[in-house]
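The values are calculated or read from the model by the stated rules, or taken from the named source; none is laboratory data. All values derive from a computational prediction rather than experimental measurement. Here Cβ is always computed from backbone atoms with ideal geometry, including for glycine, and neighbour counts include all displayed protein chains.
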Amino acid sequence: MTLDAIEFAENPEPRCPCVLLLDTSGSMGGEKIAALNAGLQTFRDDLLQDNLASKRVEVAIIAFDTTVRVEHEFATAEHFQAPTLTAQGLTYTAAGINKALDLLQARKREYKDNGITYYRPWVFLITDGAPYGEDAYLLTQAAQRVKEEETNKRVAFFAVGVEGADMNQLQTMSVRSPIKLKGLSFREMFVWLSASMQRVSHSKPDEQVPLAPPGWGTV
């Protein structure tokens, strides 16, 4: 048996997959990256307090700058260790989006192969700038892919702009209105995200779940 098969046998609960797609380009340095790292730890701690969510919510982390890296493979809260991210390089947003969607596709295949039901996956993009260093057509393709995934209800894609973000650019990359983070309210944002994932995990896989307004940001 593979490690995944063993895990699914031990924990056959439905899964709520969530990819955190995080901008780690140079402009995220200093206070921004420090607040983001602290927020990731808050996210894990919050999920662990909910017994059902800790078994159902799976988190993966992808960081993007001049390269795109899977910083953490999908894991439930008890197996999730928040990485310490550093900031450098350009902003390859399209490559990050494609990596996130590819990772989700692969994970959904693993769920199906092991008889695990799952909720509509979330992708949570957090960036403080505009895409930089990539050809424009790559961004157009990535945005179209997000739109198709949303239209077919294969993913829920959220875009969050940190101070300095090009919100108009973010709007073109997401079907949903992007949210502008208030200051460095990463902790409040991750508390909201954890509460939202907990609410989803307590519902039925196809059930529409109303989310609380994001008090940590403005639409």
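With the structure loaded, tell me whether Thr91 is touching a Pro at 6+ places or on another chain (Cβ under 7 Å), crowded, with 17+ Cβ neighbours inside 10 Å and closer than 24 Å to Lys182 by Cα or whether it fails that test. Yes. Set side by side, the residues Ala63, Ala94 differ, and just one is over 14 Å from the mean Cα position of the chain (by Cα), over 18 Å from Met197 (Cα atoms) and touching a residue at least 40 places away in the same chain (Cβ under 8 Å), which is Ala94. Inside segment 167-198, residues that are under 15 Å from the mean Cα position of the chain (by Cα), outside any helix (DSSP H, G or I) and not aliphatic (A, V, I, L, M) make up a count of 3.
In segment 1-59, the residue that is farthest from Ile116 (Cα to Cα) out of those that are touching a residue at least 12 places away in the same chain (Cβ under 8 Å) and of a type in the set (Ser, Thr, Tyr) is Ser27.
Considering only residues that are in a helix (DSSP H, G or I) and hydrophobic (A, V, I, L, M, F, W, C), look in segment 113-149 and name the one that is modelled with the lowest pLDDT. Among those that are in a helix (DSSP H, G or I) and hydrophobic (A, V, I, L, M, F, W, C), it is Ala136. Checking each residue in segment 87-112 for being of a type in the set (Gly, Ala, Ser) and assigned to a helix (DSSP H, G or I) picks out Ala94, Ala95, Gly96, Ala100, Ala106. Here is a list: Lys112, Lys108. Which entry is under 23 Å from Cys16 (Cα atoms) and within 19 Å of the chain's Cα centre (by Cα)? Going through Lys112, Lys108 in turn, the sole match is Lys108. Restricting segment 150-166 to residues that are in contact (Cβ under 8 Å) with a residue 12 or more places away in the chain and in a loop (DSSP other than H, G, I, E, B), the residue that is farthest from Thr93 (Cα to Cα) is Lys153. Filtering segment 121-149 to residues that are touching a residue at least 60 places away in the same chain (Cβ under 8 Å) and surrounded by 18 or more Cβ atoms within 10 Å (Cβ to Cβ) leaves Pro121, Trp122, Val123, Phe124, Leu125, Ile126, Thr127, Asp128, Gly129. In this structure, Glu110 does not qualify as in contact (Cβ under 8 Å) with a residue 12 or more places away in the chain, within 19 Å of Val200 (Cβ to Cβ) and surrounded by fewer than 20 Cβ atoms within 10 Å (Cβ to Cβ).
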